[in-house]
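Below is one structure, written out as structure tokens; the observations come after it.
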Amino acid sequence: MGVTGFNADVVRRVTGITYRQLDYWDRTSLVRPSIRSAQGKGSRRVYSFQDLVQISVVSKMLASGVTLPAVRKAVRYLTQHSPHERPLTQLTLVVGQGKSVLVRMQEHLVDAAANGQVMIAVPVGAVAEELKNTVVKMSEPSEITFKLHGREYRAVLTPDLEAGGFTIEVPELPGVVTEAETRTQARQMARDAAAAWLDARAQRTPKSRVAR
């Protein structure tokens, strides 16, 4: 995939949960960011792709009617008894409305939380594949154009899913690289960087060459 980490905004957009949920799950150790935790005001949480899968699975269990306490019990049980380091990214769960989360452990189907009814399958493998496809699309570069000195240039915007914003490059002007928080800012930032690059080149070019 080529992406090492994801900030909280990307997690929210990919999984559909709120900032408040993400913060609460982190503070209560339900799902914590494995790359970097928040270290005071203004710091960023950075989640791995496996974290995204866990968050999405928890979200789907809650949406299926399982209570948050039951989800917590299931996560604790699976963490203690599963051979996988992150069981929510490896196992296929069957969740029931209210308090039931079933999982196949070796040759047995175990209720990891409590008794329940109306079983609904949560195929974790399919969840992970769906998330992967979404992340790949979100990380794809896009293009914008801007005008400078009467000429139109093309700028390539590459999303930074960890830090947020975009890295901007102008292919026609090698070495022009800048950043922007939003697509709205990107055009002006690209124009400013290109103008500075062209001015610097003009200063380096001998006047005799310019005359010719």
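The values are calculated or read from the model by the stated rules, or taken from the named source; none is laboratory data. These numbers were taken from a predicted model, which means no experiment stands behind them. FYI the Cβ positions are ideal-geometry reconstructions off the backbone, even for glycines, and counts take in every protein chain you see.
Values for this structure:
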quantity	calculated
Residue check, GLN90 crowded, with 16+ Cβ neighbours inside 10 Å and either modelled with pLDDT of 80 or more or at positive phi (or both)	no
Positions within region 141-150 being loosely packed, with under 10 Cβ neighbours inside 10 Å and within 29 Å of VAL14 (Cβ to Cβ), in sequence order	GLU143
TYR19 under 16 Å from LEU68 (Cα atoms) and among the aromatic types (Phe, Trp, Tyr)	no
In region 24-43, the residues that are in contact with a Lys or Arg (Cβ under 7 Å, 6 or more places away or on another chain) and over 19 Å from ALA128 (Cβ atoms)	ASP26, ARG36, SER37, ALA38
Cross-chain or 6+ apart pairs with Cβ under 8 Å, region 51-76 first and under 14 Å from GLU129 (Cα atoms), then at pLDDT below 85 and not in a helix (DSSP H, G or I)	VAL53/ARG86; GLN54/ARG86; VAL57/LEU93; VAL57/VAL122
Candidate set from region 125-156 (those that are part of a strand (DSSP E or B) and charged (D, E, K, R)); member that is nearest to the chain's Cα centre (by Cα)	GLU143
Filter result for VAL53 (in contact with a helix residue (DSSP H, G or I) (Cβ under 6 Å, 6 or more places away or on another chain), aliphatic (A, V, I, L, M) and at pLDDT 85 or above)	yes
Boolean, VAL53 is assigned by TED's automatic domain parsing to the domain that holds LYS132, buried (at least 22 other Cβ atoms within 10 Å of the Cβ) and in contact with a strand residue (DSSP E or B) (Cβ under 9 Å, 6 or more places away or on another chain)	no
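Each row is one residue, and each column tells you yes or no for (1) more than 30 Å from MET61 (Cβ to Cβ); (2) in the same structural domain as ALA38 (by TED's automatic domain parsing); (3) at pLDDT 95 or above.
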{"residue": "ILE120", "(1), (2), (3)": "no, yes, no"}
{"residue": "VAL156", "(1), (2), (3)": "yes, no, yes"}
{"residue": "GLY164", "(1), (2), (3)": "no, no, no"}
{"residue": "ARG183", "(1), (2), (3)": "yes, no, no"}
{"residue": "MET189", "(1), (2), (3)": "yes, no, yes"}
